[in-house]
Ligand SMILES: *Cc1c(COP(=O)(O)O)cnc(C)c1O
């Protein structure tokens, strides 16, 4: 490949040249300028979720999962119990984290094309008084399904329970207002809809919940209470910060605002998703989810039913044309995924559909 491929994946994803350029400088972790950058970043992130009054933004080194694990370990007390809502691989991962951390949990699983409903959550909470926390995935990236966050959050709050949201693949693109949607923790990361590079997560934590979470964490490095306390006291990250990632995310956020913020980001991803769905439908590729529950983040497509179709071969052919796709993550049906997020627009989506069509023709799977 002669130039940078377009990543149509759920992260890492395509970044702008300006964001990559922001990584050309070395920062000292003690440096006042760098610490100002971090503080500034956290303030901007809080603004996106309208959380200044109610929440702290606690950044954390690592990929998104590190931040999810940190949130559960820090905010669920050792005698807590988590109701984990599952309709895909990331939901399964939440349950696995509870298990590894030794937190009591119970799962409620729906099919991969079935959102969890608020009525389900209400019934489950009423049936088990020992539940203290509910954890869910906002957009389940393993299919692209959207779970009804606002309704579930309301039910959880009405019953006096606490909510932990993995909004990794939706934050920054789908609206979430901390003043309307009550939660103890909302988790996202640098390398998704904000179009930064991967390397850090961040957790919006309810201020009171975090204040009461001292000593909960079974981990030193993933203790959000400690991370926050240290940062509040010194202005610095507790351990070596991912300096280039912070600088890139800061630059990505400047562009995010220049481009019109969340509404514009949502709009662009929705256009990407629509042009992808239309283009793929025209070459006979069906999406796995009905439109009503499809988030404009990533689309799962049924693989062509043809013995000449092999994902590995298909992937290489599409890659040679400049686009990186993603394998499917479903157990029952053969699928592949195409992301709608990143520094791409409808032009790239149309070109991607063209590349897919050409690859399938080369494989003699497509005859039009
Ligand atoms: C990307 C993602 C994560 C984090 O995955 P990492 O590989 O650790 O970055 C978690 N949850 C969801 C829903 C995601 O899309």
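Where a number appears in this text, it was derived from the coordinates with a stated rule and is not lab data. Keep in mind the model is a prediction, meaning the values are calculated, not measured. Backbone-built Cβ (ideal geometry, glycine too); neighbour counts: all protein chains shown.
Compute the separation of the alpha-carbon centres of region 125-140 and region 245-303 and state it in Å as a whole number.
Answer, in whole Å: 28.
Each label point is 7 Å from the Cα along the Cα-to-Cβ direction; what then is the distance between the points at residue 39 and residue 361, in nm?
5.8
Below 8 Å between Cα atoms, with a sequence gap of 6+, how large is the relative contact order for region 88-174 in percent? Mind dumping the intermediate values first?
On the way: 97 pairs, mean separation 28.1, N = 87.
Here the relative contact order equals 32 percent.
Taking square-rooted eigenvalues a ≥ b ≥ c of the alpha carbon gyration tensor, is region 31-118 rounded, prolate or oblate, where a/c under 1.5 means rounded and, failing that, a/b exceeding b/c means prolate?
Details: a/c = 2.34, a/b = 1.85, b/c = 1.26.
The shape class here is prolate.
Among DSSP beta bridges lying fully in region 18-257, give the percent that are antiparallel, nearest 5. Don't skip to the end; give the middle numbers.
On the way: 14 of 32 bridges.
Restricted to region 18-257, the bridges split so that about 45 percent are antiparallel.
Which angle between 0 and 90 degrees, to the nearest 10, do you get for helix 224-234 versus the longest principal axis of the chain when only C-alpha atoms count?
The answer is roughly 70 degrees.
Determine, for each peptide in 90-96, 39-45, 310-316, the mean count of other beta carbons within 10 angstrom over its residues, then list the peptides with the highest first. Show your work: numbers first, answer last.
On the way: 90-96: 20.0, 39-45: 16.6, 310-316: 14.3.
Ranked by mean Cβ neighbours within 10 Å, highest first: 90-96, 39-45, 310-316.
Would any residue of region 326-368 have its amide N under 11 Å from a label point 7 Å out along Cα→Cβ of residue 92? List them or say none.
Counting backbone N atoms under 11 Å from the label point, the list is 329-332.
Taking the simple approach of a point 7 Å from Cα along Cα-to-Cβ for both residue 271 and residue 117, what is their distance in nm?
Label at residue 271, label at residue 117, 3.6 nm between them.
Given Cα pairs under 8 Å that are at least 6 residues apart, what percent is the relative contact order of region 18-257? Let's see the in-between values first.
On the way: 472 pairs, mean separation 72.1, N = 240.
30 percent.
Could you work out how much longer the chain between residue 25 and residue 177 gets when fully extended? Use 0.36 nm per residue separation minus the Cα distance between them, nm to one decimal. Mind dumping the intermediate values first?
Numbers: separation 152, 0.36 × 152 = 54.72 nm, distance 3.42 nm.
Roughly 51.3 nm would be gained on extension.
I'd like the per residue volume of the convex hull spanned by the Cα atoms of the chain, given in cubic angstrom. Write out the running numbers ahead of the final one.
On the way: hull volume 47.8 nm³, N = 368.
Taking the convex hull of the Cα positions in the chain, it is 130 Å³ per residue.
When each pair of different Cα atoms in region 70-179 is counted once in the 1/r mean, what is the Kirkwood radius in angstroms, to one decimal? Write down the numbers at each step before the final one.
On the way: mean 1/r = 0.0723 Å⁻¹.
Taking every pair of different Cα atoms in region 70-179, averaging 1/r and inverting gives 13.8 Å.
If Rh is defined by the Kirkwood formula over all Cα pairs and Rg also comes from Cα, what ratio Rg/Rh do you get for region 220-298?
Values: Rg = 19.8 Å, Rh = 16.4 Å.
Expressed as Rg/Rh, it is 1.21.
Give the peptides 57-63, 354-360, 195-201 in descending order of average Cβ contacts within 10 Å, highest first. Present the calculation step by step, with values, prior to reporting the outcome.
Working: 57-63: 22.7, 354-360: 19.9, 195-201: 24.3.
The peptides rank, most packed first, as 195-201, 57-63, 354-360.
Go ahead and estimate [θ] at 222 nm for the chain from helices alone: -39,500 (n - 2.57) per DSSP H run with n ≥ 4, summed, over the residue count, rounded to 500.
Details: 12 runs with 148 residues, N = 368.
My calculation for the chain gives -12500 deg cm²/dmol from helical runs alone.
Quick one: Cα centre-to-centre distance for region 173-237 and region 1-44, in angstrom?
What the calculation gives is 19 Å, centre to centre.
Most exposed first by the Cβ proxy, i.e. fewest other Cβ within 10 Å, how do 302, 257 rank?
With the fewest neighbours first, 302, 257 line up as 257, 302.
Relative to the longest principal Cα axis of the chain, at what angle does helix 311-320 sit, 0 to 90 degrees, rounded to 10?
Computed tilt is about 80 degrees.
Taking the chain as the reference, fit the longest principal axis to its C-alpha atoms, fit the long axis of helix 346-362 to the helix C-alpha atoms, and give the angle between the two in degrees, 0 to 90, nearest 10.
Its long axis makes an angle of about 50 degrees.
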